[in-house]
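Q: Structure in structure tokens, see below.
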Amino acid sequence: MPVRLYLMHAVTVAVAGFWLLSALPAVAQTTAAEIPRIADGRPDLNGIWQVLNTANWNLEPHAASQGTVETLGAIGAVAPGIGVIEGGQIPYLPTAAAQRDENFRNRRTEDPEAKCFRPGVPRATYMPHPFQIFQTDTDLFVSYQYAGAVRTIFMQDHVEAPVDSWMGWSNGRWEGDTLIVDVAGLNGQTWLDRSGNFGSVRLRVVERYTLVGPNHIRYEATLEDPDVYSRPWTISMPLYRRIEPNIRLLEFKCVPFAEEMMYGHLRKPGTGSSQDGESDD
């Protein structure tokens, strides 16, 4: 397309978008009295929730780019995103920034998501899969569609994590109408996205869930890790309730999808199929 026509097209799209947004009605603000609540008066977080962003590709602002497997074409391309980090950038220490860059170079095979490992916190929240919150009069339980990951948010008798794990240990409390969750005991092997952003075994995450309407939660997470970051930093995003009829979590048991990538090189010649589906013979 000639440059002149391209610029005219871009201006036309921008003007049309401006008038479209200007014509949209203002979003009504939900008052505290209108927020759905359970029997004890706490905000009702029960339901199936999902994000609508590209944070799982990269938490930082990023342009569209070629994916890790060129033969997939646009199917495997990285979707662009405006970022979800306050300030726009993760404050890495120099050595940690170098590790992040190394992770990025090896992301096709080294991303824990590719291996079907549990995603950890906060990544489990913004993966392209729904999750379900079960809220009781005492604790909360969260079930994630990806890899069958689960965690309990303990609201009473808080203790330190007895052992490090992929999903960590979650102690919760209420601060007004906001659920605060302190997460520690993460095993240091999780990534924060597909771009290699990461934390160490000393990572601590403080989550905030605030119901701002019947079908929207404002989610925030502050990450602190003195081995990786120069200071704490925060991400924020809305969570959307899935309201389709009969909506439910489905199985995404991804181990079989990862076996070829992880263990295919151990197969004896002639005993199976390679990644492209052709025989080894």
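The values are calculated or read from the model by the stated rules, or taken from the named source; none is laboratory data. Quick caveat, the model's predicted, so the values are computed rather than measured. Quick reminder, even Gly has a Cβ in these numbers, built from the backbone with ideal geometry, and neighbours come from all protein chains shown. Ligands, DNA and RNA are excluded from the accessible area calculation, which covers all protein heavy atoms including side chains. Shrake-Rupley method; radii C 1.70, N 1.55, O 1.52, S 1.80 Å.
Q: Put +1 on the Cβ of each Lys and Arg and -1 on the Cβ of each Asp and Glu in the stretch 104-189; which of LEU179, SER143, ALA114 then has its Cα farthest toward the positive end of the dipole?
A: Positive-most Cα among the choices belongs to ALA114.
Q: Next question, about the same structure. Note down the accessible area of LYS115, probe 1.4 Å, to the nearest 10 Å².
A: Spelled out: LYS115, probe radius 1.4 Å, area about 40 Å².
Q: Mind putting a number on the dipole of the chain about its Cα centre? Charges go on the C-beta only, +1 for Lys and Arg and -1 for Asp and Glu, and I need it in Debye to the nearest 20. Kindly include the intermediate steps, with their values, before the conclusion.
A: Details: 24 positive and 33 negative charges, 99 e Å.
For this selection, approximately 480 debye.
Q: Calculate, for the stretch 142-263, the solvent-accessible area per residue in square angstrom, rolling a 1.4 angstrom probe over the heavy atoms of the protein chains.
A: I get 48 Å² per residue for the stretch 142-263.
Q: How do GLU113, GLU160 rank by accessible surface area computed with a 1.4 Å probe, from largest to smallest? Display every interim value, and only then the final one.
A: Working: GLU113 35, GLU160 130 Å².
Listed by decreasing accessible area, they come as GLU160, GLU113.
Q: Would you mind getting me the FRET efficiency between GLU160 and LEU249? Use the beta-carbon distance for r and R0 = 30 Å, nearest 0.05. Intermediate results must be reported in sequence, preceding the final value.
A: Working: r = 30 Å, r/R0 = 1.00.
Efficiency, from the Cβ-Cβ distance: 0.50.
Q: Could you pull the accessible area for ASP157 with a 1.4 Å probe, rounded to 10 Å²?
A: We get 140 Å² for ASP157.
Q: Now, a different point. Using a probe of 1.4 angstrom, how much of the accessible area of the stretch 177-263 is carbon and sulfur, in percent?
A: Details: 2150 of 4150 Å².
C and S atoms contribute 52 percent here.
Q: What does the C-alpha gyration tensor say about the overall shape of the stretch 157-246? Classify as rounded when a/c is under 1.5, otherwise prolate if a/b is larger than b/c, or oblate. Please list the in-between numbers first.
A: Numbers: a/c = 1.81, a/b = 1.50, b/c = 1.20.
Prolate is the answer for the stretch 157-246, as a/c is 1.5 or above and a/b outweighs b/c.
Q: Could you put HIS158, HIS129, HIS265 in order of accessible surface area, largest first, with the 1.4 Å probe and the full protein assembly present? Numbers along the way, then the final one.
A: On the way: HIS158 95, HIS129 25, HIS265 140 Å².
Result, largest first: HIS265, HIS158, HIS129.
Q: I've got another one for you. Percent of alpha carbon pairs in the chain separated by more than 30 Å?
A: On the way: 15754 of 39340 pairs.
Here the long-distance tail beyond 30 Å is 40 percent of all Cα pairs in the chain.
Q: Mind ranking SER170, SER200, SER65 by accessible surface for me, highest first, 1.4 Å probe? Please list the in-between numbers first.
A: Numbers: SER170 0, SER200 25, SER65 55 Å².
Ranking SER170, SER200, SER65 by accessible area, largest first, yields SER65, SER200, SER170.
Q: Quick check for you: with a 1.4 Å probe and neighbouring chains kept, what is the accessible area per residue of the stretch 33-125, in Å²? Could the numbers behind the result be given before it?
A: On the way: 4840 Å² over 93 residues.
With the other protein chains kept in place, the stretch 33-125 gives 52 Å² per residue.
Q: Just to confirm a number: summing +1 for Lys and Arg and -1 for Asp and Glu over residues other than GLY213 whose beta-carbon lies under 15 angstrom from that of GLY213, what do you get?
A: Values: positive: ARG37, ARG218, ARG241, ARG242; negative: GLU34, ASP44, ASP177.
Result for the local shell: +1.
Q: Let me have the 222 nm mean residue ellipticity of the chain computed from DSSP H runs of 4+ only, each contributing -39500 (n - 2.57), with the sum over all residues rounded to the nearest 500.
A: Details: 5 runs with 50 residues, N = 281.
Rounded to the nearest 500, it is -5000 deg cm²/dmol.
Q: Something else now. Can you pull the Kirkwood radius for the stretch 81-173, inverse mean 1/r over Cα pairs, to one decimal in Å?
A: Working: mean 1/r = 0.0639 Å⁻¹.
Averaging 1/r across every pair of different Cα atoms and inverting gives 15.6 Å.
Q: Using a 1.4 angstrom probe on heavy atoms only, work out the carbon and sulfur share of the accessible area of the stretch 100-157 in %.
A: It is 46 percent, rounded to a whole number.
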